[in-house]
Amino acid sequence: MSEYEKIKKEKKEWEEKKLNKFLEKAPERKEEFKNSTGEVERVYTPQEDIEDKYVNEIGFPGQYPFTRGVYPTMYRGRLWTMRQYAGFGTAEESNKRYKYLLEQGQTGLSVAFDLPTQIGYDSDDEMSIGEVGKVGVAIDTLKDMEILFDGIPLEKVSTSMTINAPAAVLLAMYIAVAEKQGVSKEKLRGTIQNDILKEYIARGTYIYPPESSMRLITDIFEYCSDEVPKWNTISISGYHIREAGSDAVQEVAFTIADGIEYVKKAIEAGLDVDKFGRRLSFFFNAHNDLLEEVAKFRAARRIWAKVMKEKFDAKKEKSMRLRFHTQTGGSTLTAQQPDNNIVRVAIQTLAAVLGGTQSLHTNSRDEALSLPTEDSVRIALRTQQIVAHESGVTKTIDPLAGSHYVEKLTDEIEEQVWEYIDKIEELGGMTKAIEKGYVQKEIQDSAYDYQKEIENKERIVVGVNKYQIDKEPESDILKVNPKLREVQIDRIEKVKKKRDSKKVEQKLAELKNAAEGSDNLMPYIIDAVKEYATLGEICNTLRDVFGEYEESIVL
Amino acid sequence: MSDKKIRILIGKPGLDGHDRGAKYIARALKDAGYEVIYTGLRQTPQSIVNTAIQEDVDFVGLSLLSGAHNSLFPKIVELLKENDAEDIIVFGGGVIPEDDIPNLKKQGVEEIFTPGTPIKDVVDFIESKREKVGK
Amino acid sequence: MDIENKILEGSPRHLARAISMVENNSPQKEEIIDALYPKTGNALIIGVTGSPGSGKSTLVDKILKNELKKDQKIGVIAVDPSSPFSGGALLGDRIRMQKHSGNPNIFIRSMASRGHLGGISAATSDVTKLLDAAGYNLIIIETIGVGQTEVEIIELADIILLTMAPGMGDDIQAMKAGIMEIGDVFVVNKKDKDGADKVKKELDYVLDIKYHDNPENKNPIKMVSALNNEGIEELMNSVYNYINKLKKQGKWEDKRKTKIKKELKKIFSKKIHELMDIHINYTEKLDDWVKLLMNKEEKPYSLINKELKSFIKESEIL
Ligand SMILES: Nc1nc2c(ncn2[C@@H]2O[C@H](COP(=O)(O)OP(=O)(O)OP(=O)(O)O)[C@@H](O)[C@H]2O)c(=O)[nH]1
Ligand SMILES: [Mg+2]
C-alpha cells in the first residue's frame, strides 16, 4: 500500500471512529465553510501526486514556474520595498509628506494624484469642482511636478505613480523634472500604473476608448524599453478589481487576463516579448483570509509564468517572473472602531509577505474615513517593520509551502483562473469581454453576494454587524484645504502668463498631428510638457483625436 | 384606484469611479420594492438635478467617495430648490467623516449613511418619509 | 387646473409630475389628459423594440444625438420590467442616454412595466400624449426587450424600429416566430461584430419570401453600429422615407385612425370592467364563486350570465 493510500484509509477510520461520534455531541458551527474556490474541507491531507509534480509545479524560488517566489533568496537577501501611497493637496504639502516618509525609513515613493489629474482635467476645469487635491495631489503643469519632487534626488529613489489614462503625460513630466535635476532618463527607477483595462472594469478613471488607450500604452512600452530601461512601464492591477468586490479567484483571473491583452497588443505592435516582458509588474490586494491570500499570490506567479512561456513563447526567465506590489485591502477597513483596522492590516501584511510580495503599502486605520493623518501613516509603516524584523517569517522562503491546505488551494485557484481565462478568450479577449460587460457583471455579482452575506450576518465583520459599540470614539482627521482649487487656478494662470504660448500651441499641434498618424507619442508629449502645456491641454488635444470612452454599465 | 410607487434616483456626482456602493444600493432598493434609476459615473450637479426632475423621483441618493461631498451635495440641494423641486429628499452616502455631517444636514441633506450601514436602515429611512412624499 | 398650463408653457417639473399622476392612476389623470388632448397629434412617435440587449438604448442615444441637429424637441419613454417578486424595478435604459440629461430639448422618462404585459406599461400611451402636448415633436418609446407576444407598441407608435443583433438568438427561427410582423424598419445593430452580415442576410431572405409578389413593399433593413455611432443618419433617412411613402399611399391616415380606434376600445373595455367591478363587486365575490364552482353547485357561464343579468336589471339599463 502506498503512503497515500494508507493515509486515505486512516482518514476514513478517523472519520468513522472519532469524528462522527464527536459531531453527534458537538456539531460544527456551520454546515459549510467556504472560500473563493468553494467549500473548504475539514482537514487536508497530502496530495496523491505530489511526488510527480513537485519539481514542475512548485519547484524552487527564482526558478520556473516561480510558485515559491521570483528570486532565489527572497527576503533573506533583501526585504520588500515599503512604499506608502501618499499625496494630497498641493504639491508643496505632498513634497513635505514624502520627505517625512523618507526620513522615517520608507524606501520608495508612491504618488497619489487627485481625480481631475487622473482623468485629464486641469484644476480650473468645471468638472474639477470639489475634487481638486482631494484624493491625491493636483498636477496641472510641469511647475507642480517640479515642486512635488523638489529636494528629492530622483536618481536615488524609486517612484511609483498611480496614474493611468494620462500616464504618458505624468511620466513625461517626471522625465522633464529629472532632466532639470541633471538626472538622465536611463537612471530613473519607478513604476507607472498605466493599466487602463482595470479602469474600464473597476476603477473608472478612463478617458479614451480602448483602442487609443492601448496605443498610448504600447507607445510607452516601446519608448521606455529604449530610453528609460529601468522603468516599470505598467503595473497590471488586480487591487481595484478586488476593491470593486471580486473574490480572490476573480482578482487573479481578470488581472492575468488584462496582462495577456497587454502582451498581445505589444507583440502586435511589433515589440519583442523578452524585451518589454521583464518590465511588466503587477499589483494585488491583500485581504483578511490569510491562507487563501497566500495561495492566491502563489497561484498568480505560477499562472503568469506559464502564460509567458507557453502562450507567448518568452525565452528569458526574467519575462516570466510575476513581480508584484501589494496594498492591504481598502474595502476591508471599517469606519466603525477604526483602531481595529490596525489588526486587520497586520494580518494582511502577513498575507502579502508570506505570499512573496516585492513591495507593500499598508493602509492606515483611518482611511475608511478620509486621508490618513501622519500618526496613522506611521503606525501603518511600523506594522510592516514589525513583520519584517520581529515576526520571523522572513527567515525562510515561502514558509507555507507544503501545507496541505495551501498547496491544494493554490491548485484550485489556478484551475479556476484558467477557466476564466479560457472563457475570456472565447469572448474574443479582455477588451471584448469588458465591452460586453461580462467582467463587470461577474464582479458585481460577487460584490452583491458579499454584501448580502454581511447584511444576513453569514459573514461577520467585527464592529460592523457584530460587537458594535454605541458611541464611536472621536478621531483626528486630516482635512484638505477647501480653497485649494483657487490656489491651483492661481498657479495655472501664472504659468500661462509666463510661458511662450506660441510654442505651446505649436507643440500641441504637433502632438495632434502625431496622434492622427502612427508615430510614437511619447516624444511629442515630452516636448509639450517642457513648454508648460497643461495636463488638460494635452489630454484634450488627444480627446479631439481619440474621442472619449463611454461606460458600459451593467446593472 | 391610485397605484403609487416610490421612485429613487441614485446619483454619482464628482469624479470618483468607485460605484460598488452605488450599484449595490440601487439593486438592493429595487429588491426592497422601489423603482430605482441610476445615473452612472461623473455626473455634474446640474445633470443629476435635471434627471431627478424628469424622472419625478421622491428621493435622490448620492454616493461619493472622493471627499468632494462638502461642495457637491449642497450644490445639488440648492439646484433642486432653484428648480422648484425642494420637496425631493436628498440623502447621501460614502466616505463622509462624522464631522462633516451636521453641516451637510444644515444645508438640506436629509440623511447621511456612513460606510457599513445596513440596507435596512436606508429602507427604514425611506419608509419613514413615505407619507411626506405622498406615497 | 394650472398644471396643464404649466405643461403647455414647457415646465419639465410639471410635465414630470403629470406623468407620475398618469402612471399612478391618480384621480386627476383623466382631466389632465382630456384638457391637453386638443394640443396633441403633432408628434411623430417612433417605437424601438427588439430582443433584450440588442442595443435599443444605445441606439436611442445615438438617434437623439442625430436628431438634435435638426432642432427637434425630443421626448423619450424608456420602459423596463418591474420585478414580479418585489414590485421594484431597476430602470437601466436611461444610463445609456444620460449624457443628454443636461439638454433642455430632451426629456427622458423611465417607466417600470408595473406588471403590465405587452412590452410597455399601462400608462405609456397617455404619457405620449403629455409629451406631445408639451411640444415634443419627436417621441421615442423604448420597449422592454421583447419576446414574441409583447408587441403592444404597434398600437402606440407611428413607426417601429425592430432592432436585432448578432449573437442574440435573433436567428431565422426567431424571425419566423411572428415578431417580424411588427417591424416597419429593421435595424441590424452591432454591425461592428461578426455575424451581423449573417443576420442581415437571413432577414433579407425572410422578407424576400414574404414580399415575393410585391417586392416594392419590402421593409427597409439598415445596418448600424449604435456603439460606434455608425449608420444612424442613413437609418433616420430611411425612417423618414418610409413615413413619406406611407403618406403617399394614404396609409398614414389609416394608421392613425386605427390607433385611435384601438385606444378607444381599450378605454371602453377598461371602463366597463371597472364599472362592472364597482357594481357587481366581483373581486370580492370571486372567492365565493370559486367555491360554488368547486362544489359543482354552479357552472361558469350560467353563473356569470346570471350575475350580469341581475346587474343590468338593477341598473335599469334595459
Ligand atoms: N459591439 C457593439 N455593442 C453594442 C452596440 N450597441 C450596443 N452594444 C452593447 O450591447 C449592450 C446592450 O446595449 P443596450 O443598449 O443596453 O441594449 P438594450 O436593447 O437597450 O437592452 P435592454 O434594455 O436591457 O433590453 C451594451 O453593452 C452595449 O454597449 C454596437 O453597435 N456594437
Ligand atoms: Mg435598454
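The values are calculated or read from the model by the stated rules, or taken from the named source; none is laboratory data. Not measured: the values here are computed from a predicted model. Every residue, glycine as well, gets a Cβ built from its backbone with ideal geometry; the counts of neighbours run over all protein chains shown.
Miscellaneous remarks
- Number of the exception - B:G93 against (1) touching a residue at least 60 places away in the same chain (Cβ under 8 Å); (2) surrounded by fewer than 22 Cβ atoms within 10 Å (Cβ to Cβ); (3) part of a strand (DSSP E or B): (2)
- Within the range C:300-318, residues that are within 17 Å of C:D287 (Cα to Cα) have Cβ atoms under 7 Å from residues that are at pLDDT 80 or above in these pairs: C:P300/C:L293; C:L303/C:W289; C:L303/C:L292, counting only partners at least 6 apart in sequence or on another chain.
- Meets criteria (modelled with pLDDT under 95 and away from ligand 2 (no atom under 15 Å from the Cβ)) for C:S51: no
- Listing of strands (runs of 3 or more DSSP E) fully contained in the range C:27-130 that carry 3 or more residues being within 16 Å of ligand 1 (Cβ to nearest atom) and free of Cβ contacts under 8 Å to residues at least 40 places away in the same chain: C:89-91, C:106-112
- Yes/no for A:L109 being buried (at least 24 other Cβ atoms within 10 Å of the Cβ), among the hydrophobic types (A, V, I, L, M, F, W, C) and modelled with pLDDT of 95 or more: no
- The sole residue among A:D274, A:D258 that is surrounded by 23 or more Cβ atoms within 10 Å (Cβ to Cβ), touching a Lys or Arg at 6+ places or on another chain (Cβ under 8 Å) and either assigned to a strand (DSSP E or B) or among the acidic types (D, E) (or both) is A:D258.
- Screening the candidates A:Y532, A:Y524 for the property of being more than 16 Å from ligand 2 (Cβ to nearest atom), assigned to a helix (DSSP H, G or I), more than 14 Å from chain C (Cβ to nearest Cβ) and of a type in the set (F, W, Y) yields one hit, A:Y524.
- Only a single criterion out of (1) within 15 Å of ligand 1 (Cβ to nearest atom); (2) buried (at least 23 other Cβ atoms within 10 Å of the Cβ); (3) facing chain B (nearest Cβ under 10 Å) is not satisfied by C:L15, namely (1).
- Subset of the range C:85-99 (residues that are of a type outside the set (D, E, K, R) and within 9 Å of chain B (Cβ to nearest Cβ)): C:F85, C:S86, C:G87, C:G88, C:A89, C:L90, C:L91, C:G92, C:I95, C:Q98
- Of residues in the range C:54-73 being surrounded by fewer than 18 Cβ atoms within 10 Å (Cβ to Cβ) and not charged (D, E, K, R), the one nearest to ligand 2 (Cβ to nearest atom): C:N66
- Residues in the range C:139-179 that are modelled with pLDDT under 75, more than 10 Å from ligand 1 (Cβ to nearest atom) and either surrounded by fewer than 18 Cβ atoms within 10 Å (Cβ to Cβ) or within 13 Å of the chain's Cα centre (by Cα) (or both): C:G147, C:Q148, C:T149, C:E150, C:G169, C:D171, C:I172, C:Q173, C:A174, C:K176, C:A177, C:G178.
- Scanning the range A:286-328 for residues that are in contact with a strand residue (DSSP E or B) (Cβ under 8 Å, 6 or more places away or on another chain) and aromatic (F, W, Y) gives A:F297, A:W304, A:F324.
- Qualifying residue in the range B:53-66 (condition: in contact with a Gly (Cβ under 9 Å, 6 or more places away or on another chain) and assigned to a helix (DSSP H, G or I)): no
- Complete set of residues in the range B:116-131 that are without any contact (Cβ under 8 Å) to a residue 24 or more places away in the chain, within 14 Å of chain A (Cβ to nearest Cβ) and assigned to a helix (DSSP H, G or I): B:K120, B:D121, B:D124
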